[in-house]
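To start, the structure itself, in C-alpha cells.
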Amino acid sequence: TSIDYSNFSGIRTYGGVWLTNNESVGLEGSFFFLPKKNAGTPALAGSSLYPVLARPFFNTAIDQQNSRVLTKPGQFLGSVTTTSGLELWGAEIGPVWRIHDNGHWTCDAITAFKFVSLTESLDINDVANTLGGGVSVLQGRAYASPSKLEVSDQYKVFNQFFGATLGLRSNLHWEAFTWSV
C-alpha cells in the first residue's frame, strides 16, 4: 500500500530593498511554506478476502523476523491503519551587489544564507481482538480471550539543510519584458 499526498498548495514570497541611493547594494530574501499535509490508508481488516492478516516485525528478544496475527478465523479479529504527515518550508536572505547597469542590461553578484526544513511522520496502529479459541502473546506474556491488544508505532523525522547561495544574475530589459538568467 502506498501513501499518496496528491498535490500540495503553499505560499512563496520574495522581496528585496536597495540599501544605497544608486542601487548598487541591496538585500533580498525569500520564504516558502507547504503546510502540513496528512494522508493515510483506510483500515485494513480481516475478511473473506483476507482470512489471515498479520503484521510483520523484527523481534529483538529472539533476534529474528516475526509477525503479529491480527485476524485469523475463529481466533482473532483485527485491523491495521497507517497515517503519515509531511511539512516543508524554507527561507533565504542575503546581500546583492549590482556590478553592471547600462539601462537595458544589469548584472548582479548574489550571495545568501539558505535554510530548508522537512518534517515527516508515520503512524502505524493495529488492533487484535482475541476470540473464543485464540490466545494473544505480546512480549512473552499470553492473554486469553476475551482480550484486545493494540500496538502503535510512531516515527518522526526532521531533516534540516543549512547552506549558502553564491552566484551571478543577469537581466535584459526590453520595453515591458525582462529576461533573467
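Structure values in brief
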quantity: Label-point gap, in nm, between residue 125 and residue 30 - each point 7 angstrom along Cα→Cβ; calculated: 3.9 nm
quantity: Kirkwood Rh and Cα Rg combined as Rg over Rh, evaluated for segment 82-181; calculated: 1.49
quantity: Mean Cα-pair separation over length for the chain, i.e. relative contact order, pairs under 8 Å, 6 or more apart, %; calculated: 19 percent
quantity: Residue-by-residue Karplus 3J(HN,Hα) for segment 83-94, coefficients 6.51, -1.76, 1.60, Hz, glycine and proline x; calculated: 9, 9, x, 9, 9, 9, 8, x, 8, 8, 8, x
quantity: Normalised convex hull volume, segment 71-120, alpha-carbon set, Å³ per residue; calculated: 117 Å³
quantity: Solvent exposure of the chain as accessible area per residue, Å², 1.4 Å probe; calculated: 68 Å²
quantity: Distant-in-sequence amide H partners of residue 3 (H built 1.01 Å from N, under 5 Å); calculated: none
quantity: Matching label, Rg/Rh (Cα atoms, Kirkwood Rh) computed from the structure shown, candidates (1) 1.09; (2) 1.31; (3) 1.20; calculated: (2)
quantity: Whole-percent carbon and sulfur share, accessible surface of the chain, 1.4 Å; calculated: 58 percent
quantity: Segments 155-165, 77-87, 26-36 sorted - mean Cβ within 10 Å per residue, highest first; calculated: 77-87, 26-36, 155-165
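The values are calculated or read from the model by the stated rules, or taken from the named source; none is laboratory data. What you see is a predicted model, and the numbers here were worked out from it, not measured in a lab. With ideal geometry, Cβ positions are generated from the backbone for all residues, glycine too; neighbour counts draw on all protein chains shown. Only protein heavy atoms, including side chains, enter the accessible area calculation; ligands, DNA and RNA are left aside. Shrake-Rupley method; radii C 1.70, N 1.55, O 1.52, S 1.80 Å.
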